[in-house]
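Nothing in this text is a laboratory measurement; each read-out follows from the coordinates by a stated rule. This one's a predicted model, so the numbers in the text were calculated from it and none came from an experiment. Every residue, glycine as well, gets a Cβ built from its backbone with ideal geometry; the counts of neighbours run over all protein chains shown.
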Amino acid sequence: MFPSKLFPGLGLIAILVVLASLAARRPELSALGASPLTLAIILGAMLGNLRPALAHGHWQPGLRFSQKILLRVGIALYGFNLNLQQIAEAGRSGLLIDGLILCSTLAVGYFVGTRWLRMERASALLIAVGSAICGAAAIVATVSVLRLEENDSVRKAATAVATVMLFGTAAMLLYPLLFTWLGGSRPQFGIFIGSTVHEVAQVVAIGNAIGGAAAHNAVIVKMIRVLMLVPFLLGLSFWLARGGQAGQKRHIAVPWFALIFVLFAAINSSFAMPDNLLQILRQTGVISLSFAMAAFGMETTFTLIRQAGLKPLLLGAILFAYLVIVGGGVNFWLAG
């Protein structure tokens, strides 16, 4: 039986998700790459800043359920958006570009964040993950593996999501201008978009703005990056388990939702599923993730961001510049 204590928070989040879904259908917003996920976290942040008390008290159990359970369900179901044949279509160069940019962005983000900016390890890692892989979804998936204290995990995740969303939005303005200034082929620029832009929705919006093969290649290469979230989470679990203090046993936290994500992607690639069923599964995944995003948004307050200081924004800016400049160089070298 569903615990009644979850209803107040889930009901509140459901209203935000419905509003976000309706808003995402508006042509002027969809043209800007505003997906239900991004709008859900924005609406959640707006409400959380206007009425901070709504993130506490009897509302909180529903928010925590969304941030933990519905998040994992949504990521697992996201596998039905992937087709493993797309990886073969992208070719070895697409895989190599994604792998190089992803691994180097993680390394640069972690090193700069912890060594130069003296940030907490988890905070630097979350911003690096969001920049390197797939934005907010990667951040909240990584939080569940880090096993932080509950309040600490929400604080760090909310700060990282806000930072990555800011620079992902900046990418939507910059990349079409870069294509106009630099020229080049649309297929090649599409690979550049998919391998360096933060969120899936932002990739779709930029690709459509440029048009032609740019949109197709951008989505395929981005989906490969999304798939790389799974080995990253598994590797992180092993790394954290080995990094425990001497004499202290630490169990490997295998992210089951990541394994199911791969399983669902394999099923989607191997079997011709009915279109109606596929749409229901995909939509359920989007709704689950939207609930999680709205719940995190509720706790993304200006007070929280102010307490985090300028370091997260500075790290996000450095990684954004790295993706554009170094990522562009890698693309020119390997795909040119």
Legend entry - Separation between Cα centres of the stretch 4-78 and the stretch 170-227, rounded to whole Å: 27
Inset, instruction - Scan the chain and report its longest stretch carrying no GluC sites (Glu not before Pro) that are both in a DSSP loop and have at most 16 other Cβ atoms within 10 Å. - result: 150-336
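What FRET efficiency would be calculated for the residue pair LEU84, ASP152, taking the C-beta separation as r and a Förster radius of 35 Å, to the nearest 0.05? Don't jump to the answer; show the numbers that get you there.
On the way: r = 37 Å, r/R0 = 1.04.
E between LEU84 and ASP152, to the nearest 0.05, is 0.45.
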Inset, instruction - Give the label of the value calculated from the structure for percent of Cα pairs over 30 Å apart, choosing from (1) 32; (2) 37; (3) 44. - result: (1)
Legend entry - Selected from ALA141, ALA209, ALA272 as most flexible by GNM, with the chain as the system and alpha-carbon contacts under 10 Å: ALA272
Legend entry - Simple spin-label estimate for SER4 and ILE267 in nanometres, 7 Å along Cα-Cβ: 3.5
Legend entry - Order of VAL197, VAL17, VAL262 under a 10 Å beta carbon neighbour criterion, fewest first: VAL262, VAL17, VAL197
Inset, instruction - Using DSSP to define loop residues, name the trypsin sites (Lys or Arg not before Pro) in the stretch 100-198 whose beta-carbon has at most 11 other beta-carbon atoms within 10 Å. - result: ARG118
Inset, instruction - Would you look at the GNM of the chain, springs on alpha carbons closer than 10 Å, and say which of ILE224, ILE318, ILE75 moves the most? - result: ILE318
Inset, instruction - Eight or more residues apart or on different chains, and alpha-carbon atoms under 30 Å: count the Lys pairs in the chain matching that. - result: 10
Inset, instruction - Calculate the spin-label point distance for ASP275 paired with LEU166, positioning each point 7 Å from the Cα along the beta-carbon direction, and give it in nanometres. - result: 4.3
Legend entry - Approximate spin-label separation ALA241-LEU19, in nm, with each point projected 7 Å along Cα-to-Cβ: 4.3
Legend entry - Mean ellipticity per residue at 222 nm, deg cm²/dmol - from DSSP H runs of n ≥ 4 across the chain, formula -39500 (n - 2.57): -25000 deg cm²/dmol
Inset, instruction - With 10 Å bins from zero, work out the P(r) of the stretch 93-163 over every alpha carbon pair and list the percent per bin. - result: 22, 51, 22, 4, 0
Legend entry - Residues TRP256 and ASN49, FRET efficiency given R0 of 25 Å [Cβ-Cβ distance, rounded to 0.05]: 0.15
